[in-house]
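Worksheet for the structure shown next.
The values are calculated or read from the model by the stated rules, or taken from the named source; none is laboratory data. Since this is a predicted model, take the numbers as computed values, not measurements. Every residue, glycine among them, receives a Cβ derived from its backbone with ideal geometry; neighbour counts consider all protein chains shown. Ligands, DNA and RNA are stripped out before the accessible areas are found, and what is left, the full protein with its side chains, is counted by its heavy atoms. Shrake-Rupley method; radii C 1.70, N 1.55, O 1.52, S 1.80 Å.
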Amino acid sequence: MQHTISRRQFLGSTTALALGSLNIAEVLGQSQDLLLVNGRIHTMDAASRVVSQLLIQRGRFAAVGNNVSARGARRVDLKGKTVIPGIIDAHNHIVLVGNRPGWHTPLEHVFTIPDAIAALQARSADVPRGEFITTVGPISANQFAERRLPTLTELDAVNRPVYLQAAQGGTRTNTEGKAWLEARGVTVAADGAIAGPALALALQTLRKELLTPETRKRSALAALQYYARLGITTHRDCGAFHSDAPSGGVANENMYTMHEPFLALHHDGAMPARLRVDFLHQDPPTANPPLPTLGPRLRNAFPFFGDEWMKTGGIGEFTGGGVEGLRAIARAGWRGEDHALNLAGVTNLIKDRETVNAEIPIGNLRWIISHIPEFPVDLANRMNTMGMGVLVGWGPLRNGTNVGPPYRMLMTHAIKKGYHSDGGDITVINPWLNFYTIVTGKNLAGQPILGDQTLTRQEMIWLATAANKWFVEEDDLGSIEPGNHADLAVLDRDFFTISETDITRTRSLLTIVGGRVVHDALTSG
Ligand SMILES: [Zn+2]
């Protein structure tokens, strides 16, 4: 794999990337006219049409139906495969994932420890001897049949230093990684576990010593490509906790510089997915002078500035500054988002917004509250009255019974709702792990957590595609309709009919963004 990827190299080469156990020819082509035939194309339009053909011209859907013809377009026979609009993850932390130290290796598609080891071994072919293979954030012990992370001994089968820091299940290294970390004062247990203060020191040390603009750019590209293989074509990033210097916190980065690797990819014309960027602020309500970071942001930045590949958004997933911060955001005419972790939290957020809305109407600003594990219908009524929306998901790693959010209630309510993974630091991004939970009501350990608040598969895909138009504020994404950006995923199995356990295994065979083939295991595989 090339360390530096120029536009010409990137667009002109067919590079076999071994990421995880996927070993797929990658071609990021220029937009080309494509006629897709013999598909089961779930359009997610207002009539929920399922058609067999579509035509892409100049990056957009030109015709969608059962009798589409075109001269000069490349014809692709889908052989009955299921097609969905490109998935929009309307709140995640892909920018954090794109700034991880080492040769970051997403492992959200492997489900046993031997498969994880095999994926890491395959990855080592790209990695110079002695350099770290890492997975930091979106990985979980419960995704594995063994319900644990690999041990030091198991990771020693990988001929490189390995560092796995999971959103759930702890942190592990192997013998080579242990020696490197211990030489820098990090305490590592005999089984490779790293915990307590040693954990923050370990991640901070890896960041200090391994991160460069080039490695960040490499990770940013790898992250976007990985999720394109799983069908995500648009990410809405919701920020990080700000640290000026390399931090030991998995959710920390420098919020003023962390977008640079993505801007560099965008500059090269090499984005394999769309990125929407929100700005996270945490000014204390008591700060004097008030709003030390939010104030300058609102005065000096542009909301919704950029192009179809990369664009700024609003403030979130923390607005900061208390009610005064909300007033400033409303006065500036920006979008604002906060997350809620429980009933008291969401109730307080709504009360503050009602205060501000009475002074400065927010009805047109599409303010958002995300996560909402506890969310009774009266709160949905109050938010809907203010023109607000909710983002839900955030489930595969949760435990307990009826831990929410109330998907079924939301589907029958008028309030705007959309899908988010919130993955990257505290949970997984893989949409199929999230869809599994929302459709079956079970977490990744197979335990029921949602009670009767599950969605149908049709509702699930709608929530992660067409419903998310409102949250990215773009009507021409999220559904397969003439005039819209040509973003889609051809799935390797029929999500609408496969067994429950098969859902987590779903991948994309062919991912197209704006008419560009960004992942192809169908026609070149
Ligand atoms: Zn988040």
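For segment 175-266, the share of accessible area belonging to carbon and sulfur comes to 60 percent (1.4 Å probe, ligands and nucleic acids excluded). Loop-located chymotrypsin sites (Phe, Trp or Tyr not before Pro) in segment 300-401 (DSSP state other than H, G, I, E, B) with a sparse environment of at most 13 neighbouring Cβ atoms within 10 Å: 305. Here residue 217 is the anchor, and the aspartates and glutamates within straight C-alpha reach of less than 13 Å, apart from those fewer than 8 places off in the same chain, are 260, 268. When you have a sec, figure out the Kirkwood radius of segment 251-320 from all distinct Cα pair distances and drop it here in Å to one decimal? By the Kirkwood definition, the hydrodynamic radius is 13.3 Å.
Normalised by the empirical 2.2 N^0.38 Å for globular proteins, what value does the Cα Rg of segment 240-369 take? Working shown, then result.
On the way: Rg = 15.6 Å, N = 130, 2.2 N^0.38 = 14.0 Å.
The value comes to 1.11.
Accessible area ranking (1.4 Å probe, heavy atoms, ligands and nucleic acids excluded), largest first, for 459, 146: 146, 459. The Cα-based radius of gyration and maximum Cα-Cα distance (Dmax) for segment 59-147 are 19.6, 56 Å.
Rounded to the nearest percent, how much of the accessible area of segment 427-525 (1.4 Å probe, protein heavy atoms only) is carbon and sulfur? All intermediate terms of the calculation are to be shown ahead of the outcome.
Values: 1280 of 2740 Å².
Ligands and nucleic acids excluded, carbon and sulfur give 47 percent.
If you count only protein heavy atoms with a 1.4 Å probe, what accessible area per residue comes out for the chain, rounded to a whole Å²? Working shown, then result.
Numbers: 18470 Å² over 525 residues.
Averaged over the residues of the chain, the accessible area is 35 Å².
What's log10 of I(q)/I(0) for segment 434-525 at q = 0.21 Å⁻¹, Debye sum over Cα points only, no solvent? At q = 0.21 Å⁻¹ the computed log10 ratios are -1.11.
Max-minus-min Cα coordinates of the chain on each principal axis give 65, 59, 45 Å, with the largest extent listed first.
Using a 1.4 Å probe and counting only protein heavy atoms, arrange 54, 298 so the residue with the most accessible area comes first. Could the numbers behind the result be given before it?
Details: 54 0, 298 25 Å².
Ranked from most to least accessible, the order is 298, 54.
A simple count of charges around residue 180, restricted to other residues whose Cβ falls under 12 Å of its Cβ and scoring Lys, Arg +1 and Asp, Glu -1, yields -1. Only helices enter this figure: runs of n ≥ 4 DSSP H residues, each worth -39500 (n - 2.57), summed and divided by the residues of the chain, yield -8000 deg cm²/dmol at 222 nm to the nearest 500.
For segment 361-497, rounded, prolate or oblate, judged on the Cα gyration tensor with a ≥ b ≥ c (square roots of eigenvalues), a/c < 1.5 rounded, else prolate if a/b > b/c? Judged from the Cα gyration tensor, segment 361-497 comes out oblate (a/c at least 1.5, b/c at or above a/b). To the nearest 10, the accessible area of residue 519 is 0 Å² with a 1.4 Å probe. Here the chain carries DSSP beta bridges of which approximately 45% are antiparallel, counting only pairs with both residues inside. DSSP finds beta bridges in segment 241-347, and of those with both partners inside it, around 10 percent are antiparallel. Heavy-atom accessible area for residue 398, with the other protein chains in place and a 1.4 Å probe, reaches approximately 60 Å². Percent of C-alpha pairs per 10 Å bin in segment 132-270, short distances first: 11, 38, 35, 15, 1.
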